[in-house]
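Structure, as structure tokens:
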Amino acid sequence: MCGIVGYVGAKQAQDVVVEGLRRLEYRGYDSAGVALVADGRVQVAKRAGKLANLDKILAEKPLPASQLGIGHTRWATHGAPTDRNAHPHTDCSGRIAVVHNGIIENFATLRAGLEDRGHTLVSDTDTEAVAHLLEEVLRDGATTLTAAMRVVCQQLHGAFTLVVVDAQQPDAVVAARRNSPLVVGRGEGENFVASDVAAFIQHTREAIELGQDQVVTITATEVSVTDFAGDPVELREFHVDWDASAAEKGGYEWFMLKEIDEQPQAVSDTLLGRFSPSGQLQLDEMRLSNGELREIDKVIVIACGTAFYAGMVAKYAIEHWTRIPCEVELASEFRYRDPVLDRSTLVVAISQSGETMDTLMAIRHARQQRSRVLAICNTNGSTIPRESDAVIYTHAGPEVAVAGTKTFLAQIVACYLLGLYLAQVRGTKYGDEVAATVRELRKIPAAIARLLAEAEPVRELARSLVGARSVLFVGRHVGFPVALEGALKLKELAYIHAEGFAAGELKHGPIALIDEGVPVFVVVPPQGRDMVHDKVVSNIQEIRARGARTIVLAEDGDDDVVPYADDLIRLPKVPTLLQPLVSTVPLQIFACELATRLGRDVDQPRNLAKSVTVE
Ligand code: M6R
């Protein structure tokens with residue numbers, strides 16, 4: 001959720017921090033603010049609304065020159081998105097400024113205590129208490145901001161990334177984290193802290209992961225990290241291989257459009273380097289031995305939102321290829337139902353950001369029960385892969401639009417790789433069978449490229465449906481999660497009522513929603529899966545008989561659907577299990593175009609944040 005940046009170096013801090021916030025705005029856009037240390041004082045500018053509002057006041061009244069600053073884009077939790085609640089927050093004396101991501105669960109008690117001791121808090125946020133606690137600890141004799149931060153962090157419950165500056169220590173930015181993301185960027189004569197690397201990759205690609213309960217102090221030339229007790233910890237450095245331009249819009253109207261177009265690359269990059277010269281699958285980041293993988297008797301996939309739908313696709317592939325039972329569960333529900341887990345359960349956590357709190361809490365629960373955890377993640381250095389036993393990275397590159405597109409396809413590819421790898425290790429598929437599926441996977445980027453090139457009729461269809469009040473999506477087998485994903489994209493982007501259903505479930509209730517002219521997308525399985533294919537063709541007829549406008553996605557050459565399709569979107573022929581990699585694409589394009597026509601902010605839909613770091 002909220003985006004955070006801190007900078008110390010020779011450049012103008014205001015420029016570096018605001019530019020960093022621009023690259024993090026997808027994390028939250030309820031308000032934005034910066035604090036710099038200049039002329040022996042903390043100088044703050046902040047505004048409700050998008051970063052553009054902050055830009056405006058800074059243009060009218062720039063802050064003084066400074067080489068050190070912090071900034072924040074907010075996704076509101078405590079307190080409405082107003083100027084007053086925008087970060088940074090300061091203490092009574094105006095000496096300290098704090099920005100925060102997360103929720104400080106004991107803030108009410110802390111606030112009451114501070115008020116009893118004479119502090120005046122001016123916002124409704126949980127964050128402001130931290131500024132006043134730091135003020136007290138410094139007043140009581142802490143010699144540095146870092147020392148004060150350690151003391152204060154030990155009083156806080158919940159999740160937090162905190163970044164603070166002190167007017168009396170104008171060469172350092174201090175930050176701390178617990179259950180919330182923070183990375184350090186190490187430059188030449190300058191250093192950074194941020195919620196994620198996107199904030200600083202235009203300056204440096206050398207980064208340091210921060211572990212749980214750690215405090216970092218950056219000056220222009222040094223980075224030092226300790227735990228909350230003050231003991232030094234080993235630095236875990238990594239190189240960011242994302243190109244800075246990958247996080248730029250590159251002439252597109254929306255990041256989402258660019259990211260949809262990047263899908264052939266995302267799929268091929270996720271497949272890259274996974275095979276030995278003899279064609280054997282090899283997963284380098286798989287830190288689980290073949291012996292451990294042979295012991296697995298159950299797979300549970302946990303994830304949220306779009307990543308959950310990728311997990312649903314994984315279930316079909318993993319069970320079919322490995323014969324290991326596979327469950328898929330919403331991460332937010334997982335630990336509350338007391339799941340049956342043991343050493344022979346493989347828990348697969350799928351997360352684009354690697355920071356989703358529901359998923360993080362679920363994997364911690366799984367590890368406490370001694371299960372092995374494998375992460376499928378797009379973000380190097382993030383918490384979920386760091387806390388997992390193994391990881392498969394999706395090499396989709398940075399995804400800036402809040403709605404997941406290319407990372408969804410890359411997650412599905414990573415799930416296939418996992419399924420095939422398990423099948424290879426356990427011998428449930430012959431080498432030539434694995435190789436044949438891999439050959440089919442390698443054809444997918446070209447198939448997606450074709451869909452992208454032929455997308456105009458899909459956009460036209462979207463334009464014809466701007467007045468639609470409700471859109472339904474149905475599918476069977478792996479088409480079911482695709483239907484759910486199509487509906488989610490439309491809800492997120494266009495704010496239109498949309499539902500996805502298993503085609504077979506329609507007659508058990510949802511068919512009552514169908515009325516004259518209601519648009520219903522139907523994802524038809526390839527003809528190769530004949531039984532399911534024929535059932536879906538019957539479902540289309542049932543839907544149409546009730547007056548719906550049927551929008552049918554069917555593979556090339558499938559003529560069975562033609563008489564029942566009011567609109568027909570052709571898909572390249574691919575094997576049944578791989579079809580989500582192509583059938584999802586027109587649904588993304590449809591949602592993006594419809595939302596654009598409705599005047600929505602496609603990249604930053606209302607109420608949503610890219611990385612959901614609260615439960
Ligand atoms: O970063 P994650 O993959 O863990 O995020 C999970 C969901 O929050 C995410 O997929 C969300 O549903 C997106 N807005 C989908 O477009």
Report summary line: With -39,500 (n - 2.57) per DSSP H segment of 4 or more residues and division by the full residue count of the chain, the 222 nm estimate, nearest 500 deg cm²/dmol, is -11000 deg cm²/dmol
Query - Gap separating the Cα centres of the stretch 494-515 and the stretch 268-304, nearest whole Å - result: 36 Å
Report summary line: Whole-percent carbon and sulfur contribution to the accessible surface of the chain (1.4 Å, no ligands, DNA or RNA) stands at 48 percent
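Which whole-number value in Å² is the accessible area per residue of the stretch 3-247, probe 1.4 Å?
On the way: 8860 Å² over 245 residues.
So the stretch 3-247 comes to 36 Å² accessible per residue, rounded to a whole number.
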Query raised in the report: Which values of log₁₀ I(q)/I(0), to two decimal places, follow from the Debye formula for the stretch 255-447 at q = 0.11, 0.12, 0.14, 0.15 Å⁻¹ with a uniform point scatterer at every Cα?
Result: -0.44, -0.52, -0.72, -0.83
Query raised in the report: If the cut-off is a Cα-Cα distance under 15 Å, which aspartates and glutamates reach LYS298, setting aside same-chain residues fewer than 8 apart in sequence?
Result: GLU319, GLU327, GLU329, ASP342
Query raised in the report: Given a 1.4 Å probe and the protein chains all in place, what does the accessible area of LYS443 round to, in Å² to the nearest 10?
Result: 120 Å²
Report summary line: Counting only DSSP beta bridges with both partners in the chain, the antiparallel fraction in percent, to the nearest 5, comes to 60 percent
**Report entry** Whole-Hz couplings from phi, Karplus 6.51/-1.76/1.60, listed for the stretch 559-569; x for Gly and Pro
**Finding:** 8, 4, 7, 3, x, 10, 9, 6, 10, 10, 10
Requested in this report: Give me the lysines in straight-line cross-link reach of LYS46: C-alpha distance below 28 Å, same-chain residues under 8 apart excluded.
Outcome: LYS11, LYS56, LYS61, LYS249, LYS610
Query raised in the report: When Lys and Arg each count +1 and Asp and Glu each count -1, what net charge do the other residues less than 10 Å away from HIS119, Cβ to Cβ, add up to?
Result: -4
Query - Span from the the stretch 315-340 Cα centroid across to the the stretch 114-148 one, whole angstrom - result: 45 Å
Query raised in the report: What residues have an amide H closer than 5 Å to that of VAL301, excluding those fewer than 5 places away on the same chain, when H is modeled at 1.01 Å from N in the peptide plane?
Result: GLU327, VAL328, GLU329, VAL348
Query raised in the report: Dividing the Cα radius of gyration by the Kirkwood radius, what Rg/Rh value follows for the chain?
Result: 1.00
Query raised in the report: Which of the lysines could a cross-linker bridge to LYS535, judged by Cα under 27 Å and excluding same-chain residues fewer than eight apart?
Result: LYS315, LYS489, LYS507, LYS573
Report task. Please compute the Cα-Cα pair-distance distribution of the stretch 405-468 with 10 Å bins starting at 0, giving whole percents from short to long. Result -> 18, 34, 25, 15, 8, 1
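Rounded to the nearest 20 debye, what is the charge dipole size of the chain about its Cα centre when +1 sits on each Lys and Arg Cβ and -1 on each Asp and Glu Cβ?
Details: 63 positive and 81 negative charges, 121 e Å.
Here the size comes out at about 580 debye.
Compactness ratio of the stretch 3-247: Cα Rg over 2.2 N^0.38 Å, N = residue count? Kindly include the intermediate steps, with their values, before the conclusion.
Details: Rg = 16.2 Å, N = 245, 2.2 N^0.38 = 17.8 Å.
Ratio of Rg to 2.2 N^0.38 Å for the stretch 3-247: 0.91.
Need one number for the stretch 386-425: average projected area of the convex hull over its C-alpha atoms, nm².
Details: hull surface 14.2 nm².
Quarter of the Cα hull surface area: 3.6 nm².
The values are calculated or read from the model by the stated rules, or taken from the named source; none is laboratory data. Predicted, not measured: the structure shown is a model, and the values here were computed from it. All Cβ positions, even for glycine, are placed from backbone atoms using ideal geometry, and neighbour counts span all protein chains on display. Ligands, DNA and RNA are excluded from the accessible area calculation, which covers all protein heavy atoms including side chains. Shrake-Rupley method; radii C 1.70, N 1.55, O 1.52, S 1.80 Å.
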